[in-house]
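S.K.: Following this message is one structure expressed as structure tokens.
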Amino acid sequence: TAAFNVAGIEIENSYDAEVTENLVTDNTGGILVFDLPNLPQMGGHNVLVARNAVIKNNTANFAPKGNIVAGVPAGTGVMVMANENVIVRDNALIDNKSSNVMIVAYTQKFDDPKYNPLPRKVLVESNIHGRAGFAPNFPGGDMMAAAMGGSLPPIITDVLGTEINIVDKVGIFSLGLKDQMQDRATATPSLAKPDDAARIAALKPIVLPVSMAAAAR
């Protein structure tokens, strides 16, 4: 169980990670999968987020200014940012006031030539969605929700990533951005349709290194 944190569970600049069978509730952001520039390890990939209960992650963000997670909107269920080969599957996503799933690019300036700020090869499928997007906690979110009839769809994407496959048969809110540094006030939001089927390769098997497996025993 992860509760009353800014980031409930965080997979940062990591690869071969499984986040499974957790209760994640009352955090600012429930499960965050992201990559940051200028760190010793980059290129996060091969991440499975499955069979979790991600419920009511609406705690106000109390991270210090300047901290990367200080920008996470309260009410975020699962966020995938600047990562590759990520599957979000078979989760219960309920009562997250900004979005149940958010797939976005890294939006700050960086000078690391090896860093890719975009999400790539992300699959969202077979999740159960409850209420979401009823009080979006990001700039312009309230106006966007009003334009959508009072709330935003459960899934939000900025459409900057590549091979983003959303199979869940729920509403998808596209911010319609053209650049990761673009001012959100100039976005051209619209509704998007889910895909009919998944189109990314299966994740590589995730196993503990021998030394860690021995220690776990």
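S.K.: Under Stokes-Einstein, with the Kirkwood radius over Cα pairs standing in for Rh, what whole-number D in µm²/s applies to the stretch 1-119 at 10 °C and 1.306 mPa s?
M.R.: D = 113 µm²/s.
S.K.: At what distance in nm do the modelled label points of Met212 and Phe62 sit from each other, each positioned 7 Å from its Cα along Cα→Cβ?
M.R.: 3.0
S.K.: Another question, if that's okay. Going through the cross-link list Lys114/Lys193; Lys65/Lys109; Lys65/Lys204; Lys65/Lys97, which pairs have a Cα-Cα distance over 26 Å in this structure?
M.R.: Lys114/Lys193; Lys65/Lys204, as the Cα separations exceed 26 Å there.
S.K.: Would you tally the net charge around Val170, using a Cβ to Cβ cut-off of less than 15 Å, leaving Val170 out, and scoring K and R as +1, D and E as -1?
M.R.: -2
S.K.: Taking θ = phi - 60°, what integer Hz values does the Karplus form 6.51 cos²θ - 1.76 cosθ + 1.60 yield along the stretch 120-131, in sequence order, with x for Gly and Pro?
M.R.: Once θ is set to phi - 60°, the couplings for the stretch 120-131 become 9, 6, 10, 10, 10, 8, 6, 8, 9, 10, x, 4 Hz.
S.K.: Can you give me the % of accessible surface on the chain that is carbon or sulfur? Probe 1.4 Å, all protein chains present, nothing else counted.
M.R.: Solvent-exposed carbon and sulfur of the chain make up 55 percent of the total.
S.K.: Where does the chain land on Rg(C-alpha)/(2.2 N^0.38 Å)?
M.R.: Normalised Rg, Cα atoms only: 0.97.
S.K.: Here is a further query. Assuming 1.306 mPa s and 10 °C, estimate D for the stretch 158-217 with Stokes-Einstein, Rh taken as the Kirkwood radius over Cα pairs, in µm²/s.
M.R.: Stokes-Einstein gives a translational diffusion coefficient of 106 µm²/s.
S.K.: So what is the calculated 222 nm ellipticity per residue for the chain, using -39500 (n - 2.57) for each DSSP H run with n of 4 or more, over all residues, to the nearest 500 deg cm²/dmol?
M.R.: Taken over the chain, the calculation gives -1500 deg cm²/dmol.
S.K.: Still on this structure, I have one more. Would you please state the base-10 log of I(q)/I(0) at q = 0.15, 0.34, 0.35 1/Å for the stretch 78-118, with intensities from the Debye formula using one equal scatterer on every alpha carbon?
M.R.: Those come out to -0.48, -1.24, -1.27, one per q.
S.K.: In Å², and per residue, what accessible area does the chain have when probed at 1.4 Å with the other protein chains present?
M.R.: About 48 Å² of surface per residue is accessible.
The values are calculated or read from the model by the stated rules, or taken from the named source; none is laboratory data. For clarity, every value in this text was computed on a predicted model and none was experimentally measured. Backbone-built Cβ (ideal geometry, glycine too); neighbour counts: all protein chains shown. The accessibility values were calculated without ligands, DNA or RNA, using every heavy atom of the protein model including side chains. Shrake-Rupley method; radii C 1.70, N 1.55, O 1.52, S 1.80 Å.
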